[in-house]
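Chemist: I'd like to ask you about the structure that follows.
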Amino acid sequence: MKNVKTYLQNYIDWIIRIGKIRFSLLGLLILGVYALIIQAGSTLLFTGDLKWGDIWRSVIFGLCSAPFVIYFFSVVIEKLELARQGSEKTLAQLKTLRMQDYQLNQEMNKKNLLLSREIDERAKAEQELTSALLHLEQEVRERRRIQLELEQSAHLLRSFFDASPDLVFYRGEDHRFLGANKAVEKLTGKKSEELKLLTPFDVYSERSAKKAIESDIQVSKEKKGLSYEQWLYYPDGRAACFEILKVPYYDKVSKQNIIIGFGRDITERTSYQEMIEKSSRDKTNMMTTISHELKTPLNGIIGLSRILLDGNLDEQQRNYLQTIKVSAVSLGHIFNDLVDLEKIETHRIELFNKACDFNNLLNDINNIASVMAAQKNLKFEMLLKNRLPDWIQVDPIRLNQVLWNLISNAVKFTPKGWVRLTVAKSGQDRLVFQISDSGIGIPQAELNNIFTMYYQVKSKDNMRALGSGIGLSVSKKIASLMHGNLSVESEENIGTTFTLDIAAPEIEKAVDISMAPSIGALNILLVEDIEVNIIVAKSILEKLGYHVDIAMTGAEALKKFYQNQYDLLLLDIQLPDMSGFDIAMTLRQQYENDEIDYLPPLVALTANVLNNKRHYLQQGMDDVLSKPLSLEALNLTLKQLFGEEQPLESVSIGEDIEEALPAEVKTQQQSAVMAFDYPMLDELIELMGKENVMKSALLFEQLMPGYIEELTQHYQAYQQDRTLKTAVAEDAHKIKGAAASLGINRIRDIAELAQHQDSPQWEEEIAVWIEVIQEEWRSSVTALKKWIANR
C-alpha cells in the first residue's frame, strides 16, 4: 500500500511537472492509442473482423471528449495536488504548530510544575509562617501567662515573706542589704528601699553587726549553710533572740555571690528553756538537799553501827546492829537511785573513772552481801575466775552501786537457797559480773520489761514486789556509760542470773597525787586580788614546800617581779588595774627586747570555764590552771614546766581520803549534784588542815558584806547609767572567785552568770541574780562551816 501511494504521488508529481497542456496532449495521444487498441481488440474479439470505420469513429469520439476529460482530470489533479500540498503544508504547519504546541505544553507543564511547586512551596511557607505565627503567638501568650504567674508568684512570695514573722533578707558581697521582708523592716525601723543602701553596722549594734558580717564571710568562704543564735534589738530597745540560718546563693543577674538569711524569733523558747533549766536546777537543788539532809543521819547511823560492832556485844545485839547497818546502807542506795534518776532525766549522769583497788572493792561487796544474805538465812558465795587485775580504771562508786542493786534484788527475791557473785575477766580490759540466785525467778513475758523505769514484777499472790522500780533501770544506764551491758536470764521457780559486762582497763598501782613533784623549792609570785583565793592558794603552795609572794594588782606584780627572782608566776586574769594577759605580754616584750634577763613560766589562773587552752597560749601564757586550784592539775603543770617527763596517773583529787571513807559516804559525795565541792574541800582539809579551812570560811563570811555592798552600789549606779555594767560584772567575778575557792557551788554558779555582762539575758536577770546572792550567801556559809566542823 505504501508503494501504491508512492507511485501515485510520483505520478501526480510528474503531471504537475510537465504541465496541464503537455499532459493533455500526451494524455490525448495515449488515450487515442489506447482507444484504438481497445476498439480493435474488442471488435476483433467479438466479431473476428476489424471494422476500421467503427474503430476510427470510436477513436474520434474518444479523442473529441478526451481533452475535456483529461483537462478536467488534470485540473482536478492539480487542484487536488495543490490541495494536497496545501494540506501537507498545513499538515507541516500543523506538525510545526503541534511541535510548538507540544513544546509550549512541555514548557507550560514545566512552568506549571514549577509554578505548582512554587505555589506548594509558597503554600507550605505560608503554612509554616502561619504555624510559626501561631506558635509565636502561643509562645507570646505562654510567656505572658508565665510572666503573669511569675508576677503572681513573686507577689505571693513577697506577701508570704512580708506576712511571715520570721526575718527574711539577703545581702551582697559588699554586705549591703539587697532586700528584706516586713519583719526585718520592723526590727531595724527601716524600709526595704532604705535598707538597700545600708550594712549591718548601720542598723545593728557594733557587736551584732560584726557577728553578722563574720558569719556572711564564713558562709561565702565555706559555700555551705550556717546556723547560729543572735540577740538583736528593736528600735524601742526590746531585745529578741533569733535563730539565724544563712545559705550561699549565686545571682546570675548581678553576677555576684549573695547571702540569703532567715531568722526565727526564739525568745519565748529561750525563756522557756531557761525556765526549764531553772526548774531543773531547783529540782537538782531539792534532790541535793534531800540527799544531804537524809544521808547525814544515815551516815551517822552507819558510823555508830560500825563503832558498836567493834565492841563487846552478845549475839542478839550484834544481829540487831547488823540489821540497822544494812538497812541504813540499803536506804542510802535507794537515795542514790533517786538522785541518779533525776540525772538521767536531765541527761547529766556521768562517770568519774579513776584508779580503783579491785580487791578492796570486791572485799567490801563480799562483806556487806554476806551480812544481807545471813539475815534471810541465805548462803552467799563469791567465785573469782581467771586472773583478776589488782587495779582497774573505773568509777568504783557506780560499779558498787550497780552490784549492790543486783545483789540486793537477788537477796530480796530469794526466799531460801543461795546467792552467788561470779567475777571473771573477759578478753582485753573487760570484766564480767554474774549475780545468780535460787529465787522465785521472773516470768518470760516480763523479761523485756524488767529494765523499764518504775516497772515491778508482781509476785504469785498478786502483791506488788518490793523495791522502788528504778534500780534496774538506773543500773542499765550506768552499764551503758561503762561501755558495757546489763542482761538477764531467768526461769520461774528456778532462779535468775544478771550479767554485767563492762570495760575496766587494768592499770598499774595508782600514784599518790598528793605528793608534789621532786623539783625542789620554788619561789612563786601569786598575782590575785581576792583575799579568800589568796589564802587557799597560798596554803596549798606552802604546804607543798614552795615560797609564795603575793601581789594584788598588776602594777604591784611588775614591781615585785623586777625586785625579786621568781621561778613561776601564777597570774589571775582579772585584776583591778590590768589583766593577767597584759602582765604576760608586757614581760614577754621586755624579754624579747633584752630589757630583762630571765622570764620564768607564766601560768594563768582563771575561774572561767576553759574551752580553749590555745587562747591562753596565744595571749602569752605558758599554761593555764582553773580556780579553785586543783592539786592534781597543779602538780601536772609543774611536772610539765620543770622537766618531769612522765605525767601523773589520772586519779581524782583527794583519792587517799576517799579510799579511807566508807562506801556510803563516798556515794553521798559523788552521786548527786553537790551543794559544795566536797572533793576540793577534802583536799583543802588534807593540805591546810581543818582549822585553816575554817578560817578561810570565816574570812569569806567577813569579806562578803563588803563585796555585797560594793555590788549593790554599782548596780544602783548602773540603773542610772547603763554604761556602768562592767563594774557590776567585775564585782560578780570577785564573788565567784571567792565562792569557788571554798567550793560554795550555788553562790559560785549564780556569780558566774552575773559576771558575763555580754550574755543576752544579763540585763533582764541581773537583779534576780544579785538578790539570790544576797539572800543565800549567809546560809551557804553557815552550812559550809557546819560541814567543816563535823568533818
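The values are calculated or read from the model by the stated rules, or taken from the named source; none is laboratory data. Owing to the predicted nature of the structure, the values given are computational and were not obtained by experimental measurement. Cβ: placed from backbone, ideal geometry, glycine included. Neighbour counts: every protein chain shown.
Chemist: How about the stretch 208-232: which of its residues are aromatic (Phe, Trp, Tyr) and exposed (fewer than 14 other Cβ atoms within 10 Å of the Cβ)?
Modeler: 228
Chemist: Take the residues of the stretch 234-252 that are of a type in the set (D, E, K, R) and surrounded by 12 or more Cβ atoms within 10 Å (Cβ to Cβ): which is farthest from residue 759 (Cα to Cα)? Walk me through how you get there before you give the answer.
Modeler: Of the stretch 234-252, the ones of a type in the set (D, E, K, R) are 236, 238, 243, 246, 251-252.
Okay, now just the ones that are also surrounded by 12 or more Cβ atoms within 10 Å (Cβ to Cβ), so 243, 246, 251.
Details: 243: 16, 246: 23, 251: 37 Å.
Looking at the filtered set, the residue picked out is 251.
Chemist: Does the stretch 174-183 include one or more residues that are in a loop (DSSP other than H, G, I, E, B) and out of contact with any helix residue (DSSP H, G or I) (no Cβ under 6 Å at 6 or more places or on another chain)? Outline the logic, then answer.
Modeler: In the first step, residues of the stretch 174-183 are kept if they are in a loop (DSSP other than H, G, I, E, B); the result is 174-176, 181.
Still in the running and out of contact with any helix residue (DSSP H, G or I) (no Cβ under 6 Å at 6 or more places or on another chain): 174, 176.
Yes.
Chemist: Among the residues of the stretch 554-609, write down those that are at pLDDT 85 or above and among the hydroxyl-bearing types (Ser, Thr, Tyr).
Modeler: 562, 566, 579, 586
Chemist: Looking at (1) under 23 Å from residue 697 (Cα atoms); (2) in contact with a strand residue (DSSP E or B) (Cβ under 7 Å, 6 or more places away or on another chain), find the lone condition where residue 530 falls short.
Modeler: (2)
Chemist: Give me the pairs, please: first residue somewhere in the stretch 91-106 and among the acidic types (Asp, Glu), second residue anywhere and not in a helix (DSSP H, G or I), beta-carbon distance under 9 Å, and either six or more positions apart or on two chains.
Modeler: Cβ pairs passing all conditions: none.
Chemist: Inside the stretch 567-607, can you point out the residues that are hydroxyl-bearing (Ser, Thr, Tyr) and touching a Phe, Trp or Tyr at 6+ places or on another chain (Cβ under 9 Å)?
Modeler: As a first pass, look at the stretch 567-607 and keep what is hydroxyl-bearing (Ser, Thr, Tyr): 579, 586, 591, 598, 606.
Correct list: 591, 598, 606.
Chemist: Follow-up. Being assigned to a helix (DSSP H, G or I), buried (at least 17 other Cβ atoms within 10 Å of the Cβ) and modelled with pLDDT of 70 or more: is that true of residue 6 here?
Modeler: Working: assigned to a helix (DSSP H, G or I): yes; buried (at least 17 other Cβ atoms within 10 Å of the Cβ): no; modelled with pLDDT of 70 or more: yes.
Criteria not met by residue 6.
Chemist: Now a separate question. Is it the case, given these coordinates, that residue 95 is out of contact with any helix residue (DSSP H, G or I) (no Cβ under 8 Å at 6 or more places or on another chain), part of a helix (DSSP H, G or I) and loosely packed, with under 11 Cβ neighbours inside 10 Å?
Modeler: Numbers: out of contact with any helix residue (DSSP H, G or I) (no Cβ under 8 Å at 6 or more places or on another chain): yes; part of a helix (DSSP H, G or I): yes; loosely packed, with under 11 Cβ neighbours inside 10 Å: no.
In short, no.
Chemist: Next up: If residue 215 satisfies all but one of (1) touching a strand residue (DSSP E or B) at 6+ places or on another chain (Cβ under 7 Å); (2) of a type in the set (Gly, Ala, Ser); (3) modelled with pLDDT under 85, what's the number of the condition it fails?
Modeler: (3)
Chemist: Here's another thing I want to ask about it. Could you please give the count of residues in the stretch 355-396 that are touching a Pro at 6+ places or on another chain (Cβ under 7 Å) and assigned to a strand (DSSP E or B)? Steps first, please.
Modeler: Initial filter on the stretch 355-396 (touching a Pro at 6+ places or on another chain (Cβ under 7 Å)): 356, 358, 361, 392-393.
Right, trim to assigned to a strand (DSSP E or B) and you get 356, 392-393.
Matching residues across the stretch 355-396 total 3.
Chemist: Taking residue 720, is it out of contact with any Leu (no Cβ under 8 Å at 6 or more places or on another chain), surrounded by 19 or more Cβ atoms within 10 Å (Cβ to Cβ) and at pLDDT below 85? Spell out how you get there, then give the answer.
Modeler: Details: out of contact with any Leu (no Cβ under 8 Å at 6 or more places or on another chain): yes; surrounded by 19 or more Cβ atoms within 10 Å (Cβ to Cβ): no; at pLDDT below 85: yes.
No, not satisfied.
Chemist: Still on this structure, I have one more. Among the residues of the stretch 193-207, how many are surrounded by 13 or more Cβ atoms within 10 Å (Cβ to Cβ) and among the basic types (Lys, Arg)? Lay out the reasoning, then the answer.
Modeler: Our first condition is that a residue be surrounded by 13 or more Cβ atoms within 10 Å (Cβ to Cβ); within the stretch 193-207, this holds for 194-196, 198-205.
Right, trim to among the basic types (Lys, Arg) and you get 196.
Looking only at that region, the number is 1.
Chemist: Follow-up question, since we're still on this one. Can residue 152 be described as part of a helix (DSSP H, G or I) and closer than 28 Å to residue 181 by Cβ?
Modeler: Values: part of a helix (DSSP H, G or I): yes; closer than 28 Å to residue 181 by Cβ: yes.
So residue 152 passes the test.
For (1) surrounded by fewer than 20 Cβ atoms within 10 Å (Cβ to Cβ); (2) at pLDDT 70 or above, each residue gets a yes or a no:
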| site | (1), (2) |
| --- | --- |
| 340 | no, no |
| 350 | yes, no |
| 356 | no, yes |
| 365 | no, yes |
| 373 | no, yes |
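Chemist: All but one of (1) small (Gly, Ala, Ser); (2) part of a helix (DSSP H, G or I); (3) free of Cβ contacts under 8 Å to residues at least 60 places away in the same chain hold for residue 759; state the number of the condition that does not hold.
Modeler: With (1) small (Gly, Ala, Ser); (2) part of a helix (DSSP H, G or I); (3) free of Cβ contacts under 8 Å to residues at least 60 places away in the same chain applied to residue 759, the lone miss is (2).
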